[in-house]
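A quick write-up on the structure given underneath.
No value in this document is a laboratory result; all are computed from the given coordinates. Remember, predicted model here, so these are calculated numbers, not experimental data. Cβ: placed from backbone, ideal geometry, glycine included. Neighbour counts: every protein chain shown.
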Amino acid sequence: MDINTLDFQQARIKLVLFKSRLRSVLYGVREPEDSLFVLRENPLGQWLYTVVKPKYSDFPEVRAIEQQMQTMLDTGRDLVRQYQRDQIEQARTGLEKVEQFAAQIETLLLQLEQNTRSAA
């Protein structure tokens, strides 16, 4: 089964969901969940490992997405630690870094989507 446009839309939604959950932690709305920062347990990471990697692991974008996601998750975890140490403003300011990683992941998703279509 090939990855379709709906799969990529779901991935983008999962990326927005991660940013939203992280923001809600840094604004005191919810408690942090460790699984949010574990690549294989994060919803976008689960998508990567169950939908993409089984068929498209040879694509360079897949490895790049995985690396960017790990960096984004590590950054998010660091921001939560800052928040928990009462460095609240610094943690919230750090959300800009997460946005940058998310933008890079979005670009890679677009490239992967285009490349999987042309390979089909």
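Descriptive notes on the structure:
- Simple point charges give the picture: +1 on the Cβ of Lys and Arg, -1 on the Cβ of Asp and Glu, and for the chain a dipole about the Cα centre of about 120 debye.
- Three-way shape call for segment 1-52 based on the alpha-carbon gyration tensor, with the a/c threshold at 1.5: oblate
- Which labelled figure in (1) 6.7; (2) 10.6; (3) 8.4 is mean projected area of the Cα convex hull in nm², once derived from the coordinates: (1)
- Selection from ILE88, LEU26, SER57 lying farthest towards where the dipole of segment 12-120 points positive, charges on Cβ: SER57
- Förster radius 22 Å - calculated FRET efficiency between LYS14 and ASP78 (Cβ-Cβ, nearest 0.05): 0.60
- Whole-Å distance, taken between Cα centres, linking segment 80-113 and segment 33-66: 17
- Once the Cα atoms are used to define both axes, helix 95-119 deviates from the longest principal axis of the chain by about 10 degrees.
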